[in-house]
Amino acid sequence: MASISSPGLGSGLDINGIIAKLMQVEAQPLKAMASKEASYQAKLSAFGSLKGALAGLQTAAQTLKNASTFTGMSATSSDSSLFSVSATSAATAGSYDIGVTTLAKANSLRTNVDYGTDTFDSGILRITVGTGTPKDISLTGTNSLSGIRDAVNNANAGVTATIINDGTAERLVLTSNTTGAAGAITVAAPTTNNDGTRRLADLIGGNLTTTQAATDAVLTINGITITRSSNTIDDAIGGVTLKLQKEPAQTLPITPLTAKLTVAQNTGSITTAINAFVKAYNDAMGQIKSMTAYDAANKKASVLTGDSTARSVQSQLSGLLGTSVGGLAGGISRLSDIGISVQTDGTLAFNASKLTTALSDKKDVASLFTQTTSGNQGIAVRFSNLLDGIVGSSGLIASRTDGINASIKDIQRRGEAFQNRLVQIESRYRKQFSALDSLISSMNQTSTYLAQQLANLPGATPNK
């Protein structure tokens, strides 16, 4: 039968406990490696957060370096219920008096007879919209009013057919898909058979009533009469789109409804873009400040305290704020000239009213940000180029994080090698202590044997 053994059983020593304590001492370098790796991981995370904040600043800078940010135009209506309006950068600043006489309407016809459940002959129903090509719709068999509706809609004849119940009868209604006079509907029945209870021709002629005439939009712009087939007019004022929404009562004499249209530079979008830049800059610099701060009272450093990359980014960004752009119209050259100032804590503040004044005085705010002249670039262009070199795929932060990742991998490699070494060390300890255990056990047995032999010698037992 196999014997049962346990380390220390022969010697009485707690060999497992001794080895565990020794291995705790041997493993101390692993704790140092783990602490170092945790420090690197924290830096990696910090640079990830910083890169995100800087990417936001880069986006804001790219918006400001885009000339279209400063060329946008806005258009407003003094009566948005009469017409709405929008403008592109092609529009010219100005004021226009708009008078609306008539809205463009789609022609609509309806049947004026209650056909009940009557059916119609088969044959051809011909529909023409304006001066377009007639569309012949072939009807076979006997056809109900709803059957004719479906046939018209399936034919793509330029009209939409519906059935409306007015309370007394169901009416077939044909509405042109084209507004204006060009969308007038003509209906004919050139051929018909005698296989229904009603002639197909009953749908036309005196049996169709016009419920809405085909009319063009009529308006005046600064006294000039404009006629269009649509209520959306984008070809009357360059870069401006009008959408007419209301007309006066169409009883003679017709008095046009009037409102004023104003086209001006879209200063709102410029203000929004600059506000976004200021906020993004403050957010990025706030991140750097938080990550590099040192708590002197508690003698505690932040994750990037003393980090040369973070300090370099901070220095380069703040350095751009004081740069100037020469030769601009209106005599501006710095951010402070349009209301962007640096506070004592390094953050930016924006005075929007100062920007509005600069824009109204025709100062070249656009070039202050967008100019691309070598050696005299706009400030947004400089920020964008600098940030490309910081957050780009081969930029400063990428190089720094690549180095951190390499250090983490090196620590992990050395940690794995050290773990293997610890296994060998523990194995050696166990062999050594097992030998010691055997030796002490043997010595204990020898001691017991000698004690027994000595006890059996003559005279070893005292006389009583």
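The values are calculated or read from the model by the stated rules, or taken from the named source; none is laboratory data. Keep in mind that what you see is a predicted model, and the values were worked out from it rather than measured. In this analysis, Cβ positions are derived from the backbone assuming ideal geometry, glycine residues included, and neighbour counts consider all displayed protein chains.
Details
- Residue in region 322-329 that is of a type in the set (A, V, I, L, M, F, W, C) and within 20 Å of residue 385 (Cα to Cα) present: yes
- Looking across region 114-136 at every residue that is aliphatic (A, V, I, L, M) and surrounded by 17 or more Cβ atoms within 10 Å (Cβ to Cβ), the one that is nearest to the chain's Cα centre (by Cα) is identified as 129.
- Subset of region 233-255 (residues that are among the polar types (S, T, N, Q) and free of Cβ contacts under 8 Å to residues at least 12 places away in the same chain): 251, 255
- One residue stands out in region 249-260 among those that are modelled with pLDDT of 95 or more and closer than 18 Å to residue 216 by Cβ: the one that is surrounded by the fewest Cβ atoms within 10 Å (Cβ to Cβ), namely 256.
- Selection within region 151-168 - loosely packed, with under 14 Cβ neighbours inside 10 Å and over 44 Å from the mean Cα position of the chain (by Cα): 164, 165, 166, 167, 168
- Residue that is of a type in the set (Ser, Thr, Tyr) and either touching a Gly at 6+ places or on another chain (Cβ under 9 Å) or in the same structural domain as residue 277 (by TED's automatic domain parsing) (or both), where the choices are 78, 89: 89
- Residue in region 352-362 that is within 16 Å of residue 271 (Cβ to Cβ), buried (at least 19 other Cβ atoms within 10 Å of the Cβ), of a type in the set (Val, Ile, Thr) and in contact (Cβ under 8 Å) with a residue 12 or more places away in the chain present: no
- Set side by side, the residues 422, 386 differ, and just one is in a helix (DSSP H, G or I), modelled with pLDDT under 90 and surrounded by 13 or more Cβ atoms within 10 Å (Cβ to Cβ), which is 422.
- Filtered residues of region 60-81 (kept if assigned to a strand (DSSP E or B) and in contact with a Ser or Thr (Cβ under 7 Å, 6 or more places away or on another chain)): 73, 75, 76, 77
- Of the listed requirements (1) touching a helix residue (DSSP H, G or I) at 6+ places or on another chain (Cβ under 9 Å); (2) within 30 Å of residue 401 (Cα to Cα); (3) surrounded by 12 or more Cβ atoms within 10 Å (Cβ to Cβ); (4) free of Cβ contacts under 8 Å to residues at least 40 places away in the same chain, residue 322 misses just one: (3).
- Within region 130-203, strands (runs of 3 or more DSSP E) holding 2 or more residues that are more than 13 Å from residue 119 (Cα to Cα), among the polar types (S, T, N, Q) and touching a residue at least 12 places away in the same chain (Cβ under 8 Å): 159-165, 170-179, 185-192
- Among the residues listed as 61, 106, 67, the single one being touching a helix residue (DSSP H, G or I) at 6+ places or on another chain (Cβ under 7 Å) and within 30 Å of residue 290 (Cβ to Cβ): 61
- Within region 137-150, the set of residues being among the polar types (S, T, N, Q) and either within 49 Å of the chain's Cα centre (by Cα) or surrounded by fewer than 16 Cβ atoms within 10 Å (Cβ to Cβ) (or both) comprises 138, 140, 144, 146.
- Taking region 103-113 as the range and being surrounded by 19 or more Cβ atoms within 10 Å (Cβ to Cβ) and not hydrophobic (A, V, I, L, M, F, W, C) as the test, the residues that pass are 105, 107, 108, 110, 111.
- Against the criterion of being more than 28 Å from residue 310 (Cα to Cα), out of contact with any Phe, Trp or Tyr (no Cβ under 7 Å at 6 or more places or on another chain) and of a type in the set (Asp, Glu), residue 388 does not qualify.
- The residues on offer are 84, 39, 80, and the sole one that is under 30 Å from residue 402 (Cβ atoms) and of a type in the set (S, T, N, Q) is 39.
- Single residue of 378, 403, 415 found to be assigned by TED's automatic domain parsing to the domain that holds residue 324 and either surrounded by 11 or more Cβ atoms within 10 Å (Cβ to Cβ) or touching a residue at least 12 places away in the same chain (Cβ under 8 Å) (or both): 378
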